[in-house]
Amino acid sequence: MTHRVALLPGDGVGPEVITEARRAVDALGLSVEWTELPWGSAYWHEHGRMMPPDALETLEAHDAILMGAIGDPSVPDHVSLWGLVLEIRQRLDLWANVRPARLLDGVPCPLAGRTAADVDMLFVRENTEGEYSGIGGRAHRGLGGEVAIESSVFTHEGVERVIRYAFELAADRRGILTSATKSNASRFGYVLWDEIAAGLAAEFPNVRYERVLVDALAARLVRDPAGLDVVVASNLFGDILTDLAAAVQGGMGMAASANLAPGSDRPGLFEPVHGSAPDIAGRGVANPAGAVWSAVLMLEHLGEEDAAGALMSALEHVCREGPRTRDLGGDAGTSEVGGAIVARLG
Ligand code: IPM
Ligand code: MN
């Protein structure tokens, strides 16, 4: 069976890390047909949009999408991101953003005394609504009385599906689900969220459910990551917590993500959590681990469990034995690390 994968290298370090992820997938000997899509900030300069008008149909004709990163200093971020990644997440209704935060052996942890045994969390971030619904507006622009309104939208259906999915994932792991809200200060959307979570908890007696305020959870993530298993959070809170979690697992270069519509046949979108990192772009020094790990998540989505396991083992081996990029204390370049992963697969 041939897997049709749309490849979206994007901006900045995106193409550099995606090259390594693709090389690693190709080395597994599966039947993969890649469609490379040149969308992103350069495309915007040429066409006045981040991707063509039929982009979503193009993507939907694939089994998965592997993406690098989007964003360039020459395009306002809200333009580039709403023109591409946020648009894709919303329009393909990829409502679950799943982000493993596991510290691999050999990767330095910024928390004193913590080892791989202490850091194995899985974040499930609501991915299409909440604080990033894109609803709002500005009036009286440029005048002293300018006003901007940004509305959060929480639908019963949107909240319930993502929390239910997180419960299911927790049931297959260590059986703890932590739900992060801020229902003491914000009294509508997060209160609805808490009520839905508490209701679902009754359906999952084997999962220990806990509700934690997101500010307190940020502190706990640093103080006691070992106590966290699956964390479910709204779009904004999940976004912030997963940067913190990425730091705890060794840095932004390590973190991977899967944007999914569980239970549907829509293609998942797989991307490292790091951005386009324009400060180091073009120098061949970016860590390809987050992109390679995202490819592992993609292979799982495609039903290639064995290949996913082999690639993850190769990534773990290289993290343990080296070579490592500079962010992990090594001095290897992107392609040297990618090459070591491929060599391990051979
Ligand atoms: C992420 C990124 C994006 C997000 C940005 C680039 C819009 O930070 O994937 O976490 O906030 O979702
Ligand atoms: Mn983010």
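Numbers below:
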read-out	value
Radius 15 Å from Cβ of Glu60, net charge of other residues (Lys, Arg +1; Asp, Glu -1)	-2
Charge dipole magnitude, Cβ of K and R +1, D and E -1 - region 115-224, Cα centre, debye nearest 20	200 debye
Rounded to 5, the percent of DSSP beta bridges in the chain classed as antiparallel	40 percent
Residue-averaged 222 nm ellipticity for the chain, from DSSP H runs of 4+ at -39500 (n - 2.57), nearest 500	-12000 deg cm²/dmol
Solvent exposure of region 211-346 as accessible area per residue, Å², 1.4 Å probe	35 Å²
Carbon/sulfur fraction of accessible area - region 205-254, other protein chains in place, 1.4 Å, %	58 percent
Rounded Å value of the spacing that divides the Cα centres of region 194-241 and region 269-346	28 Å
³J(HN,Hα), Karplus 6.51/-1.76/1.60, whole Hz, each residue of region 111-124, x for Gly, Pro	8, 4, x, 8, 10, 3, 5, 9, 10, 8, 10, 9, 9, 10
Beta bridges by DSSP in region 74-222, antiparallel share as percent, to the nearest 5	70 percent
Cα centre as origin, Lys/Arg/Asp/Glu Cβ charges: the chain dipole, Debye	700 debye
Cα-based shape type of region 76-129, given that a ≥ b ≥ c are square roots of the gyration tensor eigenvalues and the cut on a/c is 1.5	prolate
Pairwise centroid distance, computed over Cα atoms, of region 33-67 with region 132-179, Å	26 Å
Relative contact order of region 33-129, defined on C-alpha pairs under 8 angstrom at six or more residues apart (%)	23 percent
Prolate/oblate/rounded label for region 110-179 (Cα gyration tensor, a/c 1.5)	oblate
3J(HN,Hα) from dihedral phi, region 51-65, Karplus parametrisation 6.51/-1.76/1.60, rounded to Hz, x for glycine, proline	8, x, x, 9, 4, 5, 5, 4, 5, 5, 7, 10, 8, 7, 10
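The values are calculated or read from the model by the stated rules, or taken from the named source; none is laboratory data. Quantities reported herein were computed from a predicted structural model and do not represent experimental measurements. Cβ atoms come from the backbone with ideal geometry, glycine included; neighbour counts cover every protein chain shown. Accessible surface areas use protein heavy atoms only, side chains included; no ligands, DNA or RNA. Shrake-Rupley method; radii C 1.70, N 1.55, O 1.52, S 1.80 Å.
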